[in-house]
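Values quoted throughout were computed directly from the atomic coordinates according to the rules given, and no laboratory measurement underlies them. The structure presented is a predicted model; accordingly, all values stated were derived computationally and were not measured. Using ideal geometry, Cβ is built from the backbone for each residue, glycine included, and neighbour counts are taken over all protein chains shown.
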Amino acid sequence: MKHKTFFWFFLPTALAMLLFIALPLTSVVSQSFHAPHEEVLLVSEICDPFGCATESTIDHQATEQLKKDKPLGQWVGFEIYADRNHLAFKEVAEFWENRTSFTGFISSLNNLQFYRAMGFTLTYVIVVTPLVILFGLIIALAVNSLHRHLKGLMVFFSLLPMIVTPLVGSLILFWMIDARGIVGSGLQEIFSDPNLSLKASTGLTWVTLIVYGVWHSAPFAFIVFYAGLQTVPKETLESAMIDGASRFQQVMHVVVPHLSPLVAFVALIQLMDNFRVFEPIVGFSAEAHATSLSWIIWNDIGQEIRLFSSAATTSVLTIIGVVILLLPVLIRTWREFNPEK
Amino acid sequence: MFLRKIATVVALTTLASSAWAGCGASDGRVSIVGNEFPAIQTVGAGAMECAGGGVTVEKNLTADHQKINVPGMQGNPAEFTTAIVANSSIVALMNNDVIRPLDDLVAKHGQGLQKSQLITVDGNIMGVAFMANAQHLVFRADILDQLGMAPPTTYEEMLVAAANIRASGLMENPVGGAYKAGWNLAEEFVNMYIGQGGEFFKPGSAEIAVNNQHGVDALHMMRALSNFMNPDFLTHDSNATSAEWKAGNVAIMNMWGSRVGPLKSDEVDPAVANNTDIAGPMTVGGGSTPASTLWWDGWTVSKNISDADAEATFMAMMHAIRPEMLNDETSPLAVWLIDGYQPTDAAKGVFAAAAMGTTPYPMLPYAGLMHSAAGKELVDFMQGKETASQALADLEAAYTTAAKEKGYL
């Protein structure tokens, strides 16, 4: 393609990327280096139905000019990144120095919201991603071997978990696993433990969230693999059969290698999605047991007093986390497309 | 049948709107944001009656109101012309300077308001309160009678009652409580800490001071109570706790006065509804100040809107809280601060709270930061993962970090 043609062809995409990716990113990064100006507090007499009291209020006039001149707030550099609600360098160093054992150090990290969230997020990513790929492949193989009249119907049903809005899907399951819900009381029956509750213990909440994550995302892997299965060369399969390969051997040596670029693709998308796990935590009211970086961002800007700089910092940390996670997959893809280097 | 119902409702709405069109204003835009409990729904519906003529009225009543009210009022013109707030949430509006003083409008259209309804800051009217609220005891009279117990007046008695009910086999988890991690759990801590006689901040500063014996005692009481709650208590907000009550699973709880009405409604099993009774808030640890907080709910008017919109909004909201809106149906929904309100049986809990000298929720610019830090840092203690003083130390550290970022420290 000529360079000029390419330029005009690519221009709309480039503009959209600038507008929807580069600009918000710049805004988030610059916000994370700024904090609001110091507030001037006044003592005011506040009267309400219960009487009058002298309380502190904010003097808006005192900082009006300052806020107009520097609407972003004051430059604080990496201060917010280093503070206790984010990377907490000072606290981590203290914990390390005062540690009695390595596990003790890890459990004291649990007091810091960033590391607490990372603990769950990474577990979720590490467990859910391979399971999604595995289940997606199994469902795709199963559906593909069905009679063609049944296929359409089964594809539709297999996709349902992905079609349901995550928040709605998790809310439905939340009520089903309640101690008085159909799944919850069923489990109590099976394990004959009337006090069994999936919502009351951290371990079981994590299991619930992970099961939900696999349930919700497996259809995505399934539909990608199912599409891939339609392109598996018949000749290779037939020759494998003639050579006496069992169905399992056919899958392992013909189908899976053929699908491997798709596995990389699904892994890429899933690593990214799972690292940003958010809706199930809200849907399952799981914040007592499991939080994620996305949940922290939401919590920072969802309270009566909103912490924008804190939320921006966590957003940048999330982006860095995603990049680190994707690095191996990205490097691999890069090599595949540039074999001569 | 269904269609006819719809047609009637539509016809009635049109009638109603034409009857009140504008509520005295000739044109303007009214847009309401607020919480969603029944009393506020009534006020919202009252303001909707003013739609018609040149006046448009919209409402957005949701439990997430505090997440959207400030952003929705910061634009110019603001999306919301009024926010229905409480003593905690008006602070966020004042912090962000998005509400206007109402002195001129009160002078012009505010006849009939009582002086006690006006929220003033250094003499400027910033809001109009229409109801009071507090958390107080709700109990099942039949269960307590059966065991020959009087309704508890202290949390220590509540624990005894809970143990008795469990021992009798009537209920496994007789205590209810909105202990959901986040805002609700923090609110219960605020109540309990005040009941223990604690002060949240060093006098005259934004420096937090909760890691003390009062805080430890408050947390231990909360944990003791949670032993008698549904094991899922950290996921139960006021709605879920109310559902537990309606299902007959709970016999004693500390609950909002404004939530009692629905517990006694026709839709609830009569065995539960008819035996649901209320009393004043409980004290704790031998203190005399109840472990509860007093709240008002009221409305404000946006700063970033035209004078015409502000006037129309003020008049529509005045219409919504006019004395004539009080009737048999609306009176029990809240403790109305409106002229002519006759306290009903449903109000005795909140009145008792006021009479006992319950502390109002602190209207401090940084109280919200303390509240949200408590909501996430006390969870580990409630699950038995750390000590009370460790949880309080975490709470103080998390608050201090956030307050520094916001420029309060």
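A few remarks follow.
- Neighbouring Cβ atoms from other chains, within 10 Å of the Cβ of residues in A:38-47, number 6 on average.
- Highest-first packing order for the peptide set A:229-240, B:290-301 is B:290-301, A:229-240, based on the mean count of other beta carbon atoms within 10 Å.
- Chain B: angle of helix B:183-195 to the longest principal axis, Cα-based, in degrees nearest 10: 70 degrees
- Highest to lowest packing among B:384-396, B:80-92, scored as the average C-beta count within 10 Å: B:80-92, B:384-396
- Ranked by the mean number of other Cβ atoms within 10 Å of their residues, highest first, the peptides B:36-44, A:310-318 come out as A:310-318, B:36-44.
- Here, the protein assembly as shown is characterised by an Rg to Rh ratio of 1.00, where Rg is the alpha-carbon radius of gyration and Rh the Kirkwood radius.
- Taking only the C-alpha atoms of region A:104-337, Rg followed by Dmax gives 20.7, 70 Å.
- Solvent-free Debye calculation, one equal scatterer per alpha-carbon of chain B: log10 I(q)/I(0) at 0.07 Å⁻¹ equals -0.35.
- Axial C-alpha extent at least 30 Å, average Kyte-Doolittle at least 1.0 - helices from chain A (DSSP): A:113-144, A:202-229, A:308-337
- Region B:287-327: translational diffusion in µm²/s, Stokes-Einstein, Kirkwood Rh over Cα pairs, 4 °C, 1.567 mPa s: 99 µm²/s
- Computed over chain B: relative contact order in percent, which uses C-alpha pairs under 8 Å that are six or more apart: 26 percent
- Separation of alpha-carbon centers, region B:361-390 and region B:62-128, rounded to whole Å: 27 Å
- Spatial separation of Cα centroids for region A:105-177 and region B:243-273, in angstrom: 37 Å
- Helical content alone sets the calculated 222 nm signal of chain B at -12500 deg cm²/dmol, taking -39,500 (n - 2.57) per DSSP H segment of four or more residues and averaging over every residue.
- Positive-end ranking of A:Leu229, A:Ser239, A:Ile319 along the dipole of chain A, with charges on Cβ about the Cα centre, is headed by A:Ser239.
- Coordinate range along principal axes, alpha carbons of region A:124-189, Å, largest first: 41, 31, 26
- Here the spin labels are modelled as points 7 Å beyond Cα on the Cα-Cβ line, and at B:Ala167 and B:Ala279 they lie 1.9 nm apart.
- Relative contact order of region A:104-337: 28 percent, from C-alpha pairs under 8 Å at least 6 residues apart in sequence.
- Residues listed by number, region A:262-284, amide nitrogen under 15 Å from A:Phe10 label point at 7 Å toward C-beta: none
- Inter-chain Cβ neighbour count for A:294-306, averaged per residue, equals 6 (cutoff 10 Å, partner chain atoms only).
- Neighbouring partner chain Cβ atoms per residue of A:50-59, average, 10 Å criterion: 6
- Too-long pairs where the Cα-Cα distance tops 31 Å, listed order kept, from B:Lys108/B:Lys202; B:Lys348/B:Lys404; B:Lys59/B:Lys108; B:Lys59/B:Lys264; B:Lys59/B:Lys115: B:Lys108/B:Lys202; B:Lys348/B:Lys404
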